[in-house]
Amino acid sequence: MRRVIRPALFVLLMLCLGLPFSAKTLDSAKSAYDKGQDAEARQNYEQAFDYFKQAYSLKPKDLRYRAAFERTRFLAASAEVHHGQILRDAGKLDEAAVQFQKALETDPSSFIAQQELKRTQQMIREEQNPQPQAVSPGTNALRRRLETAQGPVELTPLSNVPITLKVTEKSNVIYETVGKLAGINVLFDPDYTPRQVRIELNGVTLEDALEIISFETKTFWRPVTSNTIFVAQDNPAKRKELEQNVIKTFYLSNLSQPTELQDVVNAMRTILEVSRIQQLPSQGAIVVRGTPDQVALAQKLVDDLDKAKPEVLIEVAVMQVSRDKSHTLGINPPTSVTVALQPNISTSTGSTGSTTTTGTSSSSNGLSLNTIANLNATDFQVTIPQATASALMSDSNTRVIQNPQIRALDGQKATLKIGDRVPVATGSFQPGIGGVGINPLVNTQFQYLDVGVNIEITPRVHAGREISLKMTMDVSDVDSYVSIGGISQPVIGQRKIENEIRLKDGEVSLLGGMMEDSKTKALAGIPGLSSIPILKYLFAQDTSDHSTNEIVFVLVPHIIRGPDTSHSAADMLDVGTANALVLRHSNGKPVTPATAPVTPVAPGAPGATPQSPTPQNQAPPVQPGAAAGTFLFDPPTLSQAKGSTFTVNVMVSGGQNVYSVPVQLNYDPNQLQVVNVSNGGFLSQDGQAVALVHRDDPVTGTLQITATRPPGAGGVSGQGAVVTLTFMAKGPGQSALTITRGGARDPSMQPIAMSGAQAAVTIQ
């Protein structure tokens, strides 16, 4: 017995301990659910979702809690996305990213949260200027071969120093001069015939200089290697023969219809004039072969056009409210009296004291003339209907609410039908049999009509988070049936709205209530007495009936995937002319033209091909091992008054076979200002023209000069002034003119070692 009692007591004790815990859990879940309902009523969906999630966690088997939890998940995520968009618009990118991440945790299936988080993270990376990551090498021979295959050739000059040049010479000489300045090789097409032109370049980059020359000389150039260009006459045949070709495969990942791939291909063919293009619908890919600029623009078109279509979720509320209110009050009095003869009439006559009874049959109410004279009150029957007292009031309400949700792509029609399909006869026929006789059977054709709630919506997402909705909403039901041609046909009542509206994301639109209001009032009673106030209820009955029927349509659109547009889509690009599609490239560095004027070269004089400075915008350093020479300033010391101008010659002493002289000198920009740089005569002592290229930086006080003899001319030797510098004294003080870097080159462009020099200028 003890063995049975002890386990029972233990189980009873556990039940007693568990009941309070279970009740506490139930109370906590109910309390959280009630709080969630209050928050949802206030449209605080984030807080409502947290409460419903808490209730669902405590009671996961309760379908009521689960339904509320799932219902508010999307609304809470949408509210968090909207909050993040506000933060991002305010410039708070980090806080916005946290908000979008929170929305993604709330609803992992939210595309708009993923999209906005990705966009915000990209904006943060752009602010931080991340370095591009290197591509890892392939793991097999084919991959390595592809990775080591050279892409489009990019021209890489040795110097990015802006070019200043004024010359009148044949176009091939001008190309070679610019090539020498930038340290690149220039090749010419054998069919090209140079012509003499005049070119003025002031502080332009190499790319701009080549574009200007090609435009002026009606030629085009293409890079062969990173330091070599090929020049030919500009015509379609030569371009087709000489221009580079590259190949690239583009994969479009956001195709929703087969025609979209064809639209992109048509855009490439029309805009870029790409003839070698193949679409692969099975792979959603496009293979393009063309010039590097054409393929680069094709990449831009794919990036701009291959975007996921926006998507919209539309909450639809169809509310129908019917109310019927009636009352009947008063006494319904008799309004008619019926007087009829008795079924049997007996009379007494006697002349001798005897009584004679004459009767009429029950089947006949006829009277003889003798009988009429003997009628009295007992021979008639009066019938008065009964009076009815009524005091009745009825009030009935009917409410029908349907709240479907429709999700649709931008520009795609979405249809929702809730109800029945009702058959309607459209025709009847009676076929014959073999042409002889008539078939007694009649065949009737039917079509089915959708009766109920029918919604068709086509959304269109615009900029600024606005949505256009082209919609047709139809609410219908079967009112009654009528017989047409022996067939019972339904009579369908219909309420329909067809319009197009534009709403903000989350904006509530009331499409208008279609309201029916019917009032009926009746008074039945004794004439005259039924019109007396108050007393009329004793002699009449008052009946009143009031019925209303109202239908309201409510729409609330939500953008769950917005339009994805990049900043580059709004930028304009220079793509050349109508005959030649060419992209102009920029090195990203501003070009500062020289402030000092360029010494003009006499018309008709031969061109020059000076060697440009090094990429550090400095003259080449002294190279040992060659014949030594010396730079000198003439005069070495000067004393000038403030505001005056003076000249200083840069001399070469002991130079042997000098062809080009690049130098860099520094001065105090607070004391001196460069006015002019002119030829000194040393390099032109045999009558050859000298090309001067210089750049002055008045901020740092750096002057770079390159003086070069024309191509094919030999070098010169001896002593003389290479250039003459003209300065203006700006303020009192002392300034030193110092050649910090310099040298000379022979006709084969080999360096000649030169020693530096310094001059002192005193301004009073």
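Of the residues Thr706, Thr702, which single one is open to solvent by less than 10 Å² (accessible area, probe 1.4 Å), out of contact with any helix residue (DSSP H, G or I) (no Cβ under 6 Å at 6 or more places or on another chain) and at pLDDT 85 or above?
Exactly one residue qualifies, and that residue is Thr706.
Taking only segment 552-580 into account, find how many residues are outside any loop (DSSP other than H, G, I, E, B) and modelled with pLDDT of 75 or more.
Residues meeting the conditions: 10.
Write out, first by first residue and then by second, each pair whose Cβ atoms fall under 7 Å of each other, whose residues are 6+ apart or on separate chains, and whose first residue, in segment 248-269, is closer than 18 Å to Gln412 by Cα while the second is open to solvent by 80 Å² or more (accessible area, probe 1.4 Å).
These pairs meet every condition: Pro258/Pro281; Leu261/Pro281.
Restrict the check to segment 31-54 and report whether at least one residue is more than 30 Å from Ile560 (Cβ to Cβ), surrounded by 12 or more Cβ atoms within 10 Å (Cβ to Cβ) and modelled with pLDDT of 85 or more.
yes
Kindly provide the set of residues from segment 173-214 that are buried (at least 16 other Cβ atoms within 10 Å of the Cβ), under 14 Å from Asn227 (Cα atoms) and among the charged types (D, E, K, R), ordered by number.
Hits for segment 173-214 are Glu176, Lys180.
Restricting the search to segment 673-709, which residues are aliphatic (A, V, I, L, M) and touching a strand residue (DSSP E or B) at 6+ places or on another chain (Cβ under 7 Å)?
Of everything in segment 673-709, those that are aliphatic (A, V, I, L, M) and touching a strand residue (DSSP E or B) at 6+ places or on another chain (Cβ under 7 Å) turn out to be Val674, Val675, Val677, Leu683, Val690, Ala691, Leu692, Val693, Leu703, Ile705, Ala707.
Taking Lys248 and the conditions (1) of a type in the set (D, E, K, R); (2) at pLDDT 85 or above; (3) out of contact with any helix residue (DSSP H, G or I) (no Cβ under 8 Å at 6 or more places or on another chain), which numbered condition does it fall short on, given that it satisfies the others?
Result: Lys248 fails condition (3) only.
Modelled with pLDDT of 85 or more, closer than 25 Å to Arg71 by Cα and either open to solvent by less than 60 Å² (accessible area, probe 1.4 Å) or not in a strand (DSSP E or B) (or both) - does that describe any residue in segment 438-452?
Among the residues of segment 438-452, not one is modelled with pLDDT of 85 or more, closer than 25 Å to Arg71 by Cα and either open to solvent by less than 60 Å² (accessible area, probe 1.4 Å) or not in a strand (DSSP E or B) (or both), which makes the answer no.
Have a look at Leu255, Leu181 and point out the one that is modelled with pLDDT under 85 and in contact with a helix residue (DSSP H, G or I) (Cβ under 7 Å, 6 or more places away or on another chain).
Checking each option against the conditions leaves just Leu255.
Taking segment 82-109 only, how many residues are modelled with pLDDT of 85 or more and either in contact with a strand residue (DSSP E or B) (Cβ under 9 Å, 6 or more places away or on another chain) or open to solvent by 20 Å² or more (accessible area, probe 1.4 Å) (or both)?
18
State the number of residues belonging to segment 152-172 that are assigned to a loop (DSSP other than H, G, I, E, B), open to solvent by less than 20 Å² (accessible area, probe 1.4 Å) and of a type in the set (Ser, Thr, Tyr).
Of the residues in segment 152-172, 1 are assigned to a loop (DSSP other than H, G, I, E, B), open to solvent by less than 20 Å² (accessible area, probe 1.4 Å) and of a type in the set (Ser, Thr, Tyr).
For segment 468-527, how many residues are acidic (Asp, Glu), open to solvent by less than 80 Å² (accessible area, probe 1.4 Å), under 19 Å from Arg407 (Cα atoms) and part of a strand (DSSP E or B)?
Number satisfying all stated conditions: 1.
Return the pair list, or none, for Cβ contacts closer than 7 Å from residues in segment 733-746 that are within 15 Å of Asn670 (Cα to Cα) and touching a residue at least 24 places away in the same chain (Cβ under 8 Å) to residues that are open to solvent by 40 Å² or more (accessible area, probe 1.4 Å) and charged (D, E, K, R), at least 6 apart or on different chains.
Ser735/Asp668
Would you confirm whether any residue within segment 176-194 is under 15 Å from Val582 (Cα atoms), out of contact with any His (no Cβ under 7 Å at 6 or more places or on another chain) and part of a helix (DSSP H, G or I)?
Taking every residue of segment 176-194 in turn, none turns out to be under 15 Å from Val582 (Cα atoms), out of contact with any His (no Cβ under 7 Å at 6 or more places or on another chain) and part of a helix (DSSP H, G or I).
Output the residues belonging to segment 206-215 that are modelled with pLDDT of 85 or more and either outside any helix (DSSP H, G or I) or touching a helix residue (DSSP H, G or I) at 6+ places or on another chain (Cβ under 8 Å) (or both).
Answer for segment 206-215, where residues must be modelled with pLDDT of 85 or more and either outside any helix (DSSP H, G or I) or touching a helix residue (DSSP H, G or I) at 6+ places or on another chain (Cβ under 8 Å) (or both): Ala209, Leu210, Ile213.
Only residues in segment 162-185 that are of a type in the set (Lys, Arg) count as the first member; pair them with residues that are part of a strand (DSSP E or B) and open to solvent by less than 30 Å² (accessible area, probe 1.4 Å), Cβ under 8 angstrom, at least 6 apart or cross-chain, and list the lot.
Matching pairs, first to second residue: Lys166/Ile199; Lys166/Leu201; Lys170/Val197; Lys180/Thr708.
The values are calculated or read from the model by the stated rules, or taken from the named source; none is laboratory data. Because the structure is predicted, anything quoted here is derived from the model rather than measured. Cβ sites come from the backbone with ideal geometry, for glycine too, and all protein chains shown count toward neighbours. Accessible surface is based on the protein model in full, side chains and every heavy atom, while ligands, DNA and RNA are left aside. Shrake-Rupley method; radii C 1.70, N 1.55, O 1.52, S 1.80 Å.
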